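Novice: I'd like to ask some things about the structure below.
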Amino acid sequence: MSGGTTPIRNVALVGPNGSGKSALFDSLLFVTGQVGRRNRSHDGAGSDGKSSGQGTELCVATLDHEGTEITLLDCPGSVEFAAETRGGLIGVDAAILVIEPLIERVVALAPLLGFLDSHDIPHLVFVNKMDRSDVRYRDLLTALRTVFSRPVVPYQYAIGRGDTLVGYIDLTSEEAFAYQDGAPAGIIPLPDDHRERERTARAEMLETLADFDDDLLAMLLEDHEPPADDIRRRLRQSLTADKITPVFLGVADQDKGVRRLLHAIVGLVPTAADTAARRGVAPEGPAMIQVLRTTHTAHAGKLSLARVWRGSLAEGVDLGGDRLGGVFRLQGSQQEPLAEARAGQIVALGRLEHAQTGAVLHADGQGPAAEADLPVAAAMQPLYAAALRCANRNDEVKMSAAMARLVEEDPSLAYDQRPDTHQALLWGQGEMHIRSAVDKLAAKHKVAVETGEPGTAYRETITRSGHSRGRHKRQSGGHGQFADVEIDIRPLGRGEGFRFESAVVGGAVPRQFIPAVEAGAREFLQKGTMGYPMVDVGITLVNGQFHTVDSSELAFKIAAGLALKEGLPACGPILLEPILLLHVSVPGDATSKALQVLSARRGQILGFEAKEDWPGWEVITCHLPEAESRDLILSIRSLSQGVGFFDWSFSHLQDVPERLTAAITAERAPSEAAVH
């Protein structure tokens, strides 16, 4: 492979499901001779046995082209596995956004574009499947300009469309090319009916570049046409500065347009050194890496996919307190040992046991460089949960360790023990995401689990005050048990919790037993009257009796529970449910359907408005019962081309409608009922 002075480019292939990213990934490997045959089935096993990366995980491969070492990251297209994509993107020099020529799907690019823009990641567009659409190329470019924040600059202009696709015009050289099966595109005369379109598109390209280049602006004002090489140089400068979005086109599964894209990766994409400089990484200093992804393998142990931002690394180097256990180049599912990794490369590093995804480490064990402004992919809020139960109870001991490894590999997962519902919950980004994690749990960690619906953390409260007495007396030989308490019960304001006071006078209840009364009350309120914890209740101990021999803390604790068992039913107990505050983001044409879905789930719509910096999108604000949110993300995605989402937070507790209370309490297992 490449030597120590070879230029490096790191490029991520990103885009929606169905856009043909994996076909482009395979084609790039094939036309450069990295693999001997194309993987046309896209069944997850790439050419020559290399994983195509299609589906749920990042796939990495490195190739040589025109004296440049290019590392490709094929990223998952599903929004449920966006954490994989985002983790890879923070380490690349540029992203290639692979799309289909469908105007109606352009608005769905907003989430991915938002991430690229907010993290200053230069990006190009590759319009794939140009042989399957009759959309006019100029109309597609117009649609792209409505959602991209950077100016869209076509590098190529299509000749024909759909079944009549012939090739393209290179707008920098004004040469026309025709696609050829199994070979590079060949030069043809520029079609007469495309001359005017080509001149218009080229003029627009130059005017856009001139917005960032005073020298070019002066040249154009003087009616001087820059040569092709000069235009490419200016395109590269603007792309490196993340100021424009060049557009390319082709048919990846037929290798059409792929060689021209490769030429652009070498000629336009910022070098690894360019990116390090733009991120503020000083060239001198100890080797510095950033972990992009973490995996646990059966044979090699923990592997950390990492970008080397500075210096070189070899086995045995100390990184963050761990001794590096090996350096590997990933070629799909295969690992190739390297003597060392150099600045700019993306490699797998062995046995960095304490390194977490996103971490920045120095070879001297120090913390991250203060001068570097490295992008970090923020944790994604989980949107969907499943309750887990071990199929074999003997696996419960190793369940926690296995889940910890899964969450380390995929930070968009979360594992949560819920004492209020007595469930272990696995949180993720959707149903497929959870299913994938459960499959990994069984395959990699030999822990089989069954999944179910998560419970809702209902609460109880009371609506009116009351008075009650609890008397506990037992004689069974020797010392007996005796305690008598009288309490006042009152409702508190929502969110006040539990309040206990003593108004006993004259020593009716000795001081040392009063804490036992409070403990007994707290314990009983954990079960309430319907089997759920009771909140926002105030209790005042007003009177009582004791026996000098038979009274004890246990007796007074039991008496307090008896008093509440007797008195709470008369205080108008009701059920409360947690209400979430949601901000639901969808393309504008899906807003009305989203409003209907939320209303049907007992949502209280608080308003909706245009989503800032997301052209064509709207955000709905609403309150929604937690019980209605379990599979909400599935409904939102189904009505929004698979890209709608929401963020949520707990808002408040609210009365459960009376018509639902009976059904909820009936579902409660008899063993959970509060019969004391």
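The values are calculated or read from the model by the stated rules, or taken from the named source; none is laboratory data. Fair warning: this is a prediction, and the values are worked out from it, not measured in the lab. Don't worry about glycine lacking a Cβ; one is built from the backbone with ideal geometry, like all the others, and counts go over all protein chains shown.
Novice: How many of the residues making up the stretch 139-160 are touching a residue at least 60 places away in the same chain (Cβ under 8 Å) and over 20 Å from residue 231 (Cβ atoms)?
Specialist: 5
Novice: Please find, within the stretch 381-434, the residue that is farthest from residue 584 (Cα to Cα) out of those that are of a type in the set (Gly, Ala, Ser) and surrounded by 18 or more Cβ atoms within 10 Å (Cβ to Cβ).
Specialist: The residue in question is 402.
Novice: While we're here: Looking at the stretch 217-248, which of its residues are among the charged types (D, E, K, R), out of contact with any helix residue (DSSP H, G or I) (no Cβ under 8 Å at 6 or more places or on another chain) and not in a loop (DSSP other than H, G, I, E, B)?
Specialist: 229, 230, 233
Novice: Over 28 Å from residue 337 (Cα atoms), crowded, with 24+ Cβ neighbours inside 10 Å, out of contact with any His (no Cβ under 7 Å at 6 or more places or on another chain) and not β-branched (Val, Ile, Thr): is that true of residue 250 in this structure?
Specialist: The answer is yes for residue 250.
Novice: Residues to consider are 563, 600, 610, 590; find the one that is within 28 Å of residue 658 (Cβ to Cβ) and in the same structural domain as residue 658 (by TED's automatic domain parsing).
Specialist: Result of the check over 563, 600, 610, 590: 600.
Novice: Now, a different point. Identify the residue in the stretch 545-601 that is within 26 Å of the chain's Cα centre (by Cα) and of a type in the set (D, E, K, R) and, among all such residues, is surrounded by the fewest Cβ atoms within 10 Å (Cβ to Cβ).
Specialist: That would be 589.
Novice: Let me ask another. Residues being closer than 28 Å to residue 355 by Cβ and among the charged types (D, E, K, R): count how many of those fall in the stretch 396-430.
Specialist: So the answer is 6.
Novice: Is it the case that residue 568 is at pLDDT 95 or above and in a helix (DSSP H, G or I)?
Specialist: So residue 568 fits the description; yes.
Novice: Then there's this: With a cut-off of at least 3 residues that are under 32 Å from the mean Cα position of the chain (by Cα), name the strands (runs of 3 or more DSSP E) lying wholly within the stretch 403-499.
Specialist: 414-418, 423-428, 449-452
Novice: For the stretch 180-208, what are the residues that are farther than 29 Å from residue 145 by Cβ and without any contact (Cβ under 8 Å) to a residue 40 or more places away in the chain?
Specialist: Selection gives 180, 183, 186, 187, 189.
Novice: Here's another thing I want to ask about it. Within the stretch 500-534, which residues are among the basic types (Lys, Arg) and either under 41 Å from the mean Cα position of the chain (by Cα) or not assigned by TED's automatic domain parsing to the domain that holds residue 558 (or both)?
Specialist: Of everything in the stretch 500-534, those that are among the basic types (Lys, Arg) and either under 41 Å from the mean Cα position of the chain (by Cα) or not assigned by TED's automatic domain parsing to the domain that holds residue 558 (or both) turn out to be 522, 527.
Novice: Let me ask something additional. Please find, among 319, 262, the residue that is modelled with pLDDT of 95 or more and buried (at least 18 other Cβ atoms within 10 Å of the Cβ).
Specialist: Answer to the selection: 262.
Novice: How about the stretch 578-676: which strands (runs of 3 or more DSSP E) wholly inside it have at least 3 residues that are without any contact (Cβ under 8 Å) to a residue 60 or more places away in the chain and touching a strand residue (DSSP E or B) at 6+ places or on another chain (Cβ under 8 Å)?
Specialist: Hits in the stretch 578-676: 604-610, 617-625.
Novice: Quick check on my filter: what residues within the stretch 387-434 are at pLDDT 90 or above and among the acidic types (Asp, Glu)?
Specialist: 395, 408, 409, 410, 416, 431
Novice: Restricting the search to the stretch 207-227, which residues are loosely packed, with under 15 Cβ neighbours inside 10 Å and among the small types (Gly, Ala, Ser)?
Specialist: Once the filter is applied, which keeps residues that are loosely packed, with under 15 Cβ neighbours inside 10 Å and among the small types (Gly, Ala, Ser), the stretch 207-227 yields only 218.
Novice: Just one of 141, 109 is modelled with pLDDT of 95 or more, within 24 Å of the chain's Cα centre (by Cα) and in a helix (DSSP H, G or I); which is it?
Specialist: That would be 109, the only listed residue that is modelled with pLDDT of 95 or more, within 24 Å of the chain's Cα centre (by Cα) and in a helix (DSSP H, G or I).
Novice: I'd like to know if the stretch 386-396 contains one or more residues that are out of contact with any Gly (no Cβ under 8 Å at 6 or more places or on another chain), within 27 Å of residue 89 (Cβ to Cβ) and among the hydrophobic types (A, V, I, L, M, F, W, C).
Specialist: No.
Novice: Return the only residue of 277, 272, 306, 300 being touching a residue at least 24 places away in the same chain (Cβ under 8 Å) and surrounded by fewer than 23 Cβ atoms within 10 Å (Cβ to Cβ).
Specialist: 300
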